[in-house]
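Working notes, structure below.
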Amino acid sequence: MTKLSMPKIDRKLISKKDEIVKDLRKLVKFENVLDHEDQTRPFETDGLSAYKQKPLIVIFPENTNEVSKILTYCNKHRIKVVPRGAGTGLSGGALPLEDSILLCLGKFNKIIDIDYKNRCVVAQPGVTNLSITQAVQDKDFYYAPDPSSQIACSIGGNVAENSGGVHSLKYGTTTNNLLGAEVVFMDGTISRLGGKTFDSEGYDLLGLITGSEGLLCVITEITVKILKEPQAIKAAIIGFSSIEDGGQCVSEIIANGIIPSGMEMMDKALIHATDNFVKAGYPRDAESMLIVEVDGTETEVQELIEKIEKIAKKNKSSSIKISKNDKQRMKFWAGRKAAFPACGDLAPDYYCMDGTIPRGKLALVLKEIKKLSKKYNLPVANAFHAGDGNLHPLIMYDSNNKDSLDKTEKFGEEILKYCVKVGGVLTGEHGVGVEKRELMCEMFNNNDIQQQIKIKKSLDGSSLLNPGKVYPILRKCAEEGRVHVHQGKTKFSDIPRF
Amino acid sequence: MSIKEKQNFQTSQGSESIEYPVNEKEVSIFIKKFYKSNIPLEILGSGSKKKIGKPLQCEKTLSLSKISGIVEYLPEELYIKVKASTPIKIIEEKLKKNKQQLAFEPIDFGFFLNGESDYGTAGGQTACNISGPRRFKVGGIRDHVLGFRGVNGRGEIIKSGGTVVKNVTGYDLSKLICGSYGTLVALTEIVFKTLPAPEDSKTLIIHEQKIDLGLYLLEKSISSSNEVSGAIYFPEDKKTIGYSTNIENTFKLNDLQHKGSLTAVRVEGSKKSINERIENLLKEFKITNQKISILETYQSEMFWNKVKNLEFFSSSKNSIIRISIPPSECTNLIYQLSDKYKYYVDWGGALIWLEAFELSEQMFESIKKKVIKIGGYATMIKNSNYLPYVEDPFTINKDRFNISQNIKKSFDPKQILNPGKMYTGI
């Protein structure tokens, strides 16, 4: 485990643990407060398992009023609160603090309302992403955002992180599919944002809390849009003998006015890893591979697939396979969706990065990653949501090797800095969390960060909700009004910051 | 003083109090100055939507009209970066050359607010966040702003977002800026997501349906897999005192075959696919003896342009209210409202545009109450001579007011940017 700087620990508060536990047990059922070390250990980490920290207390409220009471109590007694959904996040957003209460929404696991007339589902935040689709699929509806972890990740966590998935080019990410939420602010105020209408009047608070990584409020209910399943869907697997050809093909598909419902790219390392894992029938000789999926009416899908075939051939594709039926299409996707676990075969550990870049810069960025891979002597496999430019390099390492994680993190850092340098951003869908916190200044200057911190303070004056996440705390760049200027120069002043 | 002299006097007084910064840095300098001296500012782009919201009486006006121009357009990356006061018309022309568009369908408010076409600016559209008929399918303006730059109430230049669609780095301030009516920042630069323009469009109109059935057909069409991108209902036109609008005058189209109410759905895409979709819809609607019209390419486009630009109300002198509701509540609400109002329904039942003759403030508040009860909101978009001012043109509850006030203060602690434009105290 690497050392991670976190906000100053309140030892006095820790010494009052028994008293706090007693108080909290007055607010929720006795058994919903976990305080023994053996009980809190399972919650010491989230999907970013490199960092571990047991919380002071774990609490499982069962309804909104309980959440409100807990937050009111914690606000009054200045106790830090870390909210947690399913704990699948990959940036350490739900990493507990030693002196924090971990507020778990696991008991908020019910679908409250399926409303076909308004084409939406009202669910509690602990419901998994996939359960929403499963609840409406008998009527041929579905919920569009589909992060790879959809069987496990919670819809509340999806809102907190603004999760995407492989279909976000055409159907958007969580923020574009969310209609309303019930939230509780740190002072205990319960508020309803949005509802079953499109747009809400006044400031778009729903838009603000989406992707706010649990720093602004705790989400206790969610209303999401559902869509009717398309009449026809087809996918194509296209192999290329170079990364450049694959990248060019992506750009040309978009330039030809086609918006595929999904467009994924993998490099050779990942093609092999995933094909070994699920036997998806991927072109093993290819240097890069695209999965392109289109949906619509039968005729439209056929038209689009033909157009895509033509564009692929023009860009020197080495193989093209088109799905003959839904079973085969799902098989095409099975490999991509298992990209992360498949890497388990390549190395004892892998570290998943998450930058977004302009699509046209893909070949350039992958070349740089290759160079860095040599520099750090760590292998890397790349998955790319080519449609929306979201790149997931998977760095292979061995956590038993003392310096390995440290080296991996430095490697990852360099990749993300390069993403920003070519006009991209630090994180496309995994969030900043603790992982990319110190890199925020690569993208934002002091004014930008201070404005965000001011918003945080306007809703959580004592910074008790999920502290230590998203904003830098190492004073490397900007924290609470400080900007680090080294020898009169700001760091990476040549990097365009927009 | 003669009338002419009076006008000249007022103009010269007005122009003295208007500042015209030419770049972002100057906007920052001006706002810093006014921040120090506690002077409230009216932030304006071209002023095309100035009449929406509460009238401002600020000592100074900060016109952003000189901060204009396309900064960068990369069609293959699906975005356009523009300075805040770039006219929407120029942006749309540029995109059209590359067969792209702003999919949220910017509304030309000029016709009905000021009598002539005026799409206004990128900043104005963003600040008002009122999207066209395609909204229910592709999202609103808030879903198409990828990033922005602007100056907050302390005069600090801030930015958020970027040029890519998938971005969760920091809070999504772009969403907050959309629909904030210039009360949080003076926008200087905006990045819009662009999308390929559909190859073709076709509209199926079913005539003479009562509202229940019309809305049922709209719901059915949106809930189908036909990717409908427009769904409106115009009730039959009745000659009523105080109203001059009518369907016939608005939609003078050759292929519009019948009179009476209109239930219209639009499909867009390749020629083959839209024909297929219209066939599907006719089957799903079980249309046999009903009177229908089908509008092809050009007429379909004209029809939706007229809908989008609120031409139905272009000659109206009455109050115009925009009501956003859960679609399932639409018919009931219409029944609850006085039948002397004129209206039409957009977004398949999720939006009502209401025209009201001799509307009093009390009547407006009563409409609002009914709308809030069913989980919606109502906004006074245009005042009439009869009711030139309403105290609360927007809707908000106490919780959200408090939160919004805190957020306002975090951007603009002295409340100098468009103070009170949306709500008193924000």
Inset, instruction - Report yes if some residue within the stretch A:92-100 is of a type outside the set (A, V, I, L, M, F, W, C), in the same structural domain as A:Leu27 (by TED's automatic domain parsing) and under 18 Å from A:Ser149 (Cβ atoms); otherwise report no. - result: yes
Legend entry - Residue within the stretch B:119-128 that is touching a Ser or Thr at 6+ places or on another chain (Cβ under 7 Å), at the interface with another protein chain (Cβ under 9 Å from one of its Cβ atoms) and over 16 Å from A:Asp204 (Cβ atoms) present: no
Legend entry - Subset of the stretch B:165-213 [closer than 20 Å to B:Thr126 by Cα, of a type in the set (Asp, Glu) and either touching a residue at least 40 places away in the same chain (Cβ under 8 Å) or more than 10 Å from chain A (Cβ to nearest Cβ) (or both)]: B:Glu189
Legend entry - Residue selected from the stretch B:214-258 under the condition polar (S, T, N, Q) and not in a loop (DSSP other than H, G, I, E, B), by the criterion farthest from the other protein chains (Cβ to nearest Cβ): B:Asn249
Inset, instruction - Tell me, yes or no, whether the stretch B:136-156 has at least one residue that is at the interface with chain A (Cβ under 9 Å from one of its Cβ atoms), without any contact (Cβ under 8 Å) to a residue 60 or more places away in the chain and either farther than 24 Å from A:His167 by Cα or among the hydroxyl-bearing types (Ser, Thr, Tyr) (or both). - result: no
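Filter the stretch A:284-306 for residues that are in a helix (DSSP H, G or I) and touching a Lys or Arg at 6+ places or on another chain (Cβ under 6 Å); which is farthest from the other protein chains (Cβ to nearest Cβ)? Give the derivation first.
First, the residues of the stretch A:284-306 that are in a helix (DSSP H, G or I): A:298-306.
So of that shortlist, the ones also touching a Lys or Arg at 6+ places or on another chain (Cβ under 6 Å) come out as A:299, A:301, A:305.
Numbers: A:Thr299: 5, A:Val301: 9, A:Ile305: 13 Å.
In this case the residue turns out to be A:Ile305.
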Legend entry - Filtered residues of the stretch B:368-426 (kept if more than 28 Å from B:Ile39 (Cα to Cα), of a type in the set (Phe, Trp, Tyr) and either in a loop (DSSP other than H, G, I, E, B) or more than 7 Å from chain A (Cβ to nearest Cβ) (or both)): B:Tyr386
Inset, instruction - Taking B:Gln100 as meeting all but one of (1) in contact (Cβ under 8 Å) with a residue 60 or more places away in the chain; (2) more than 14 Å from every other protein chain (Cβ to nearest Cβ), write down the number of the exception. - result: (2)
Legend entry - Residues being surrounded by fewer than 24 Cβ atoms within 10 Å (Cβ to Cβ) and part of a loop (DSSP other than H, G, I, E, B) - total across the stretch A:325-361: 6
Inset, instruction - Can you give me the ranges of the strands (runs of 3 or more DSSP E) entirely in the stretch A:139-246 with at least 3 residues that are at negative phi, in contact (Cβ under 8 Å) with a residue 60 or more places away in the chain and buried (at least 22 other Cβ atoms within 10 Å of the Cβ)? - result: A:218-225, A:232-240
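Rundown of residues vs (1) within 19 Å of B:Phe251 (Cβ to Cβ); (2) surrounded by 18 or more Cβ atoms within 10 Å (Cβ to Cβ); (3) in contact with a strand residue (DSSP E or B) (Cβ under 7 Å, 6 or more places away or on another chain), yes/no style:
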site	(1), (2), (3)
B:Phe303	yes, yes, yes
B:Val307	yes, yes, yes
B:Ile323	no, yes, yes
B:Glu365	no, no, no
B:Ile372	no, no, no
Legend entry - Residue satisfying all of: in the stretch A:428-442; of a type outside the set (D, E, K, R) and out of contact with any helix residue (DSSP H, G or I) (no Cβ under 8 Å at 6 or more places or on another chain); farthest from A:Gly92 (Cα to Cα) among these: A:Gly428
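Within 23 Å of the chain's Cα centre (by Cα) and within 13 Å of chain A (Cβ to nearest Cβ), is that true of B:Phe357? Let's see the steps before the verdict.
Numbers: within 23 Å of the chain's Cα centre (by Cα): yes; within 13 Å of chain A (Cβ to nearest Cβ): no.
Criteria not met by B:Phe357.
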Inset, instruction - Please identify the pairs in which a residue from the stretch B:68-97 that is at positive phi and assigned by TED's automatic domain parsing to the domain that holds B:Glu116 has its Cβ atom under 9 Å from the Cβ atom of a residue that is in a helix (DSSP H, G or I) and of a type in the set (Val, Ile, Thr), counting only partners at least 6 apart or on another chain. - result: B:Gly69/B:Ile90; B:Leu78/A:Ile254
Legend entry - Single match in A:Asp38, A:Asp46 (criterion: more than 20 Å from A:Met186 (Cα to Cα) and over 20 Å from the mean Cα position of the chain (by Cα)): A:Asp38
Legend entry - Residue tally, condition in a loop (DSSP other than H, G, I, E, B) and either touching a residue at least 40 places away in the same chain (Cβ under 8 Å) or more than 16 Å from A:Ala334 (Cα to Cα) (or both), over the stretch A:254-283: 10
Inset, instruction - Look through A:Ser200, A:Ser191 and report the one residue that is modelled with pLDDT under 95, at the interface with chain B (Cβ under 9 Å from one of its Cβ atoms) and more than 19 Å from the chain's Cα centre (by Cα). - result: A:Ser200
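Of these, A:Lys331, A:Lys321, A:Lys361, which one is of a type in the set (D, E, K, R), modelled with pLDDT under 95 and in the same structural domain as A:Val250 (by TED's automatic domain parsing)?
Numbers: A:Lys321 fails: modelled with pLDDT under 95; A:Lys361 fails: in the same structural domain as A:Val250 (by TED's automatic domain parsing).
It is A:Lys331.
Can you pull out the residues in the stretch A:91-129 that are in a loop (DSSP other than H, G, I, E, B), within 13 Å of chain B (Cβ to nearest Cβ) and touching an Asp or Glu at 6+ places or on another chain (Cβ under 7 Å)? Even if it seems obvious, please write down each step before you answer.
At the first step, the residues of the stretch A:91-129 found to be in a loop (DSSP other than H, G, I, E, B) are A:91-99, A:105-110, A:116-119, A:124-127.
Subsequent filtering for residues that are within 13 Å of chain B (Cβ to nearest Cβ) retains A:91, A:93, A:116-119.
Matches in the stretch A:91-129: A:Ser91, A:Gly93, A:Lys117.
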Legend entry - In the stretch B:19-29, residue surrounded by the fewest Cβ atoms within 10 Å (Cβ to Cβ) [restricted to those that are more than 15 Å from B:Ser85 (Cβ to Cβ) and of a type outside the set (Val, Ile, Thr)]: B:Lys25
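The values are calculated or read from the model by the stated rules, or taken from the named source; none is laboratory data. Please read all numbers here as calculations on a predicted model, not as lab measurements. Glycine gets a Cβ as well: all are built from the backbone with ideal geometry, and neighbour counts include every protein chain shown.
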